[in-house]
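The values are calculated or read from the model by the stated rules, or taken from the named source; none is laboratory data. The structure presented is a predicted model; accordingly, all values stated were derived computationally and were not measured. So basically every Cβ, Gly included, is an ideal-geometry build from the backbone, and we count neighbours across all protein chains shown.
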Amino acid sequence: MILIWSIIFFAMLIWYCFVSIQVGVRGYSNIKDMLDDLKNS
Amino acid sequence: MHNPSFITLTNFSPLLDGGILIIYLAGTILAGLMVRRYVKNVDDYLVAGRKVDVYLGIASLAATEFGIVTCMANAELGYKYGFAGTSPGVALFAAMLIVGWTGFCIKPLRDKGVITIPEFFESRFGKEVRWASGLVIVLGGLLNMGVFLRMGGDFLTIVFGLPDGYLEIMMTAILLIVALYTILGGMLSVLVTDYLQFIVLSLGLLLTCMLILWQIGWEPIIANLSEAQGERAFNPFHDGTYGTDRIILDIFLAFATILTWQTMITRILAAKDTKTGQKIYRSTAPFFLVRFILPAFLGITALYYFAQHGGAPDREILALPTFLAVAIPTGMLGILIAGMLAADMSTNSSYMLAWSSVIYNDLLAPIHKNKWSEKKGLRINRILVALIGIFLLIYGLWYPLKGDLWVYLQVTGTIYLSSMSVILIAACYWNKANNWGAIGAIFFGATIPITYLILQQVESTQAFAENIGPYKSAILAYIVTALAMVAGSWLKTSINPQKSTL
């Protein structure tokens with residue numbers, strides 16, 4: 001059980017690092033597009 | 001109350017850590033206020049004009065559902081039950097993935113283009129069901145959110161090293177900052193600040209976990225947990241410490257939350273289309289495991305730290321802030337507190353907006369009948385957010401929390417989660433469902449958890465409430481609610497077959 005939890009914990013830590021960077025970069029362009037859309041609507 | 005002798009023990013530096021906090025707060029307030037000029041009507045204010053794309057949706061959903069209260073509650077679960085305490089996270093992860101893949105309930109809901117779930121119910125069950133649904137959503141939601149401020153205040157006073165008397169000042173300060181940009185910019189401000197808060201929160205949480213792994217290492221922490229709690233720390237089914245009834249409730253609650261929790265479903269309703277909404281759910285699902293596993297790891301590390309150095313607090317819920325205040329070095333503590341503050345602010349702002357949207361859209365519907373001007377609608381929405389803020393401040397100050405924080409959140413959430421999830425499933429997939437069944441479901445879904453909360457508070461019935469336990473009473477609420485939906489619908493069809501379609 002300890003091995004399973006170790007795998008889950010480190011897998012989640014790596015996934016979180018990866019997704020944080022992705023969301024940080026692409027979320028910003030999402031905000032820009034959303035505000036442009038609202039401005040033009 | 002935490003141990004006053006412990007108060008002064010903190011690595012918080014007003015200059016370095018305080019400076020980091022001021023930069024974060026100024027940035028957030030500025031961003032939140034800047035976007036308010038894009039708000040032209042009630043739709044922009046409540047669902048950001050339905051223009052949310054995948055990555056912003058993920059940031060917003062993740063930041064909203066991770067607050068100080070979640071972090072403290074989940075760290076408490078880790079501190080008390082080890083990794084077995086992360087069972088609700090496993091259930092939420094699975095439920096979100098299944099719902100995101102299949103579009104179960106959320107597809108018909110988003111396709112309908114509504115602002116709230118009660119609005120969706122009206123087309124199937126009539127105005128009375130919409131109103132009653134709005135009432136239980138607001139009641140359950142506000143009781144649930146009522147403890148957020150106190151927990152946030154508790155956390156901050158301990159890590160700042162302030163005496164107990166500063167709790168109320170801390171609570172008021174958090175609320176005022178959040179209310180300022182939420183009242184003015186609505187969902188747009190919430191989304192933009194959520195994005196910033198997601199980044200700061202992730203940075204704080206990831207750096208703290210990595211620092212702990214680097215300084216202490218994984219093996220000593222796990223060895224201490226294994227020695228202190230044995231097999232039960234890793235297996236929720238072992239010797240019944242965590243309990244089968246609690247696991248069953250975790251599963252019920254996970255599906256009900258994913259389908260009907262207003263702050264979560266708002267991201268689906270604000271998504272630019274149904275496919276984007278489903279993708280937001282699928283992509284955010286692993287975060288719901290992270291949201292349990294990382295705080296639980298911090299709680300497990302606190303257990304290790306106190307075993308080595310002593311100084312454990314009287315209340316387990318305070319284990320996390322007490323540990324962080326003394327174990328995290330200056331500078332890093334500022335980033336972590338900014339992260340926690342970010343988590344708390346994004347949660348409070350989204351929750352205030354979510355409940356005000358239900359009050360305006362559903363409870364006040366018989367009064368405004370969608371005839372108010374956009375300007376008047378916006379003004380009323382802003383007043384509602386402010387009133388919810390005042391309620392939170394008052395309720396947060398006097399409600400004495402008993403038992404696990406997570407259990408309180410589960411019981412109060414059940415007030416509406418049980419009935420709303422049953423009615424939503426019936427509305428989407430059961431042709432014979434009608435308003436009698438829906439009213440029965442709302443009545444029993446709210447009565448059982450409220451009765452339990454009252455029994456828990458009254459001295460003469462406390463022992464009785466303890467015998468039943470929070471898990472069995474909440475499971476009972478889900479089962480009885482489903483039966484009431486079926487029985488009520490069947491009864492109406494039997495008595496008056498002509499009118500059974502509503």
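Is it fair to say B:I222 is among the aliphatic types (A, V, I, L, M), surrounded by 16 or more Cβ atoms within 10 Å (Cβ to Cβ) and either more than 24 Å from B:V52 (Cα to Cα) or modelled with pLDDT of 90 or more (or both)?
yes
Among A:I2, A:I31, which is in contact with a Ser or Thr (Cβ under 8 Å, 6 or more places away or on another chain) and surrounded by 14 or more Cβ atoms within 10 Å (Cβ to Cβ)?
A:I2
Can you confirm whether B:G311 is in a helix (DSSP H, G or I), surrounded by fewer than 23 Cβ atoms within 10 Å (Cβ to Cβ) and modelled with pLDDT under 90?
no
Quick check: is even one residue across segment B:342-365 outside any helix (DSSP H, G or I) and not charged (D, E, K, R)?
Yes, that holds for at least one residue.
Return a yes/no flag: does segment B:120-131 have any residue that is more than 26 Å from B:A302 (Cα to Cα), among the small types (G, A, S) and at pLDDT 90 or above.
Yes, segment B:120-131 contains a residue that is more than 26 Å from B:A302 (Cα to Cα), among the small types (G, A, S) and at pLDDT 90 or above.
State whether one or more residues within segment B:395-416 are modelled with pLDDT of 90 or more, touching a helix residue (DSSP H, G or I) at 6+ places or on another chain (Cβ under 6 Å), of a type in the set (A, V, I, L, M, F, W, C) and within 26 Å of B:M264 (Cβ to Cβ).
no
Within segment B:183-195, identify whether any single residue is at pLDDT 85 or above, under 28 Å from B:F297 (Cβ atoms) and away from chain A (no Cβ under 14 Å), and answer yes or no.
no
Say we look at segment B:469-502 and pick out the residues that are under 15 Å from B:A446 (Cα atoms) and polar (S, T, N, Q); which of these is modelled with the highest pLDDT?
B:T481
Go through segment B:22-56 and give me each residue that's closer than 27 Å to B:G377 by Cβ, part of a helix (DSSP H, G or I), in contact with a Leu (Cβ under 9 Å, 6 or more places away or on another chain) and not aliphatic (A, V, I, L, M).
B:T28, B:G32, B:R36, B:Y38, B:D44, B:Y45, B:G49, B:R50
Given the conditions (1) in contact with a Phe, Trp or Tyr (Cβ under 6 Å, 6 or more places away or on another chain); (2) under 30 Å from B:L225 (Cα atoms); (3) not in a helix (DSSP H, G or I), report the number of the one that B:G89 does not fulfil.
Going through the list (1) in contact with a Phe, Trp or Tyr (Cβ under 6 Å, 6 or more places away or on another chain); (2) under 30 Å from B:L225 (Cα atoms); (3) not in a helix (DSSP H, G or I), B:G89 breaks only (3).
B:S356 versus (1) more than 23 Å from B:I183 (Cα to Cα); (2) without any contact (Cβ under 8 Å) to a residue 40 or more places away in the chain: which is the lone unmet condition?
Among (1) more than 23 Å from B:I183 (Cα to Cα); (2) without any contact (Cβ under 8 Å) to a residue 40 or more places away in the chain, B:S356 violates only (1).
For segment B:296-318, indicate whether the set of residues that are over 20 Å from B:A223 (Cα atoms), away from chain A (no Cβ under 14 Å) and among the basic types (K, R) is non-empty.
yes
Within segment B:300-319, restricting attention to residues that are of a type in the set (A, V, I, L, M) and over 17 Å from B:P88 (Cβ atoms), which residue is farthest from the chain's Cα centre (by Cα)?
By that ranking, first place goes to B:A307.
Kindly state which helices (runs of 4 or more DSSP H) lie completely within segment B:125-244 and contain at least 2 residues that are among the small types (G, A, S), in contact with a helix residue (DSSP H, G or I) (Cβ under 6 Å, 6 or more places away or on another chain) and more than 30 Å from B:R37 (Cβ to Cβ).
B:127-145
Quick one: what pairs do we get from segment B:359-371, first residue in contact (Cβ under 8 Å) with a residue 60 or more places away in the chain and within 12 Å of B:V42 (Cβ to Cβ), second among the polar types (S, T, N, Q) and crowded, with 18+ Cβ neighbours inside 10 Å, C-beta under 6 Å, 6+ apart or different chains?
B:Y360/B:N381; B:N361/B:T116
Go over the candidates B:I137, B:I158 one by one and state the one that is in contact with a His (Cβ under 8 Å, 6 or more places away or on another chain) and surrounded by 21 or more Cβ atoms within 10 Å (Cβ to Cβ).
Exactly one of B:I137, B:I158 is in contact with a His (Cβ under 8 Å, 6 or more places away or on another chain) and surrounded by 21 or more Cβ atoms within 10 Å (Cβ to Cβ), namely B:I158.
Counting only residues that are modelled with pLDDT under 85, at the interface with another protein chain (Cβ under 9 Å from one of its Cβ atoms) and within 12 Å of the chain's Cα centre (by Cα), how many does segment B:45-89 have?
Residues that pass the stated criteria total 0.
Can you name the condition, by its number, that B:T276 falls short on among (1) under 23 Å from A:I8 (Cβ atoms); (2) within 14 Å of chain A (Cβ to nearest Cβ)?
Here B:T276 meets the rest and fails (1).
Residue by residue, here is whether (1) touching a residue at least 24 places away in the same chain (Cβ under 8 Å); (2) in contact with a Leu (Cβ under 6 Å, 6 or more places away or on another chain); (3) among the β-branched types (V, I, T) holds:
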site: B:A95; (1), (2), (3): yes, no, no
site: B:V99; (1), (2), (3): yes, no, yes
site: B:I117; (1), (2), (3): yes, no, yes
site: B:F120; (1), (2), (3): yes, yes, no
site: B:G126; (1), (2), (3): yes, yes, no
site: B:A132; (1), (2), (3): yes, no, no
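So, in segment A:5-24, exactly how many residues are at the interface with chain B (Cβ under 8 Å from one of its Cβ atoms) and aliphatic (A, V, I, L, M)?
5
With respect to B:F297, is the statement that it is within 25 Å of the chain's Cα centre (by Cα) and not basic (K, R) true?
yes
Just give me the residues in segment A:25-41 being at the interface with another protein chain (Cβ under 7 Å from one of its Cβ atoms) and hydroxyl-bearing (S, T, Y), in sequence order.
A:S41
Looking at segment B:250-263, can you tell me whether even one residue there is within 25 Å of B:Y408 (Cβ to Cβ), not in a helix (DSSP H, G or I) and not aliphatic (A, V, I, L, M)?
yes
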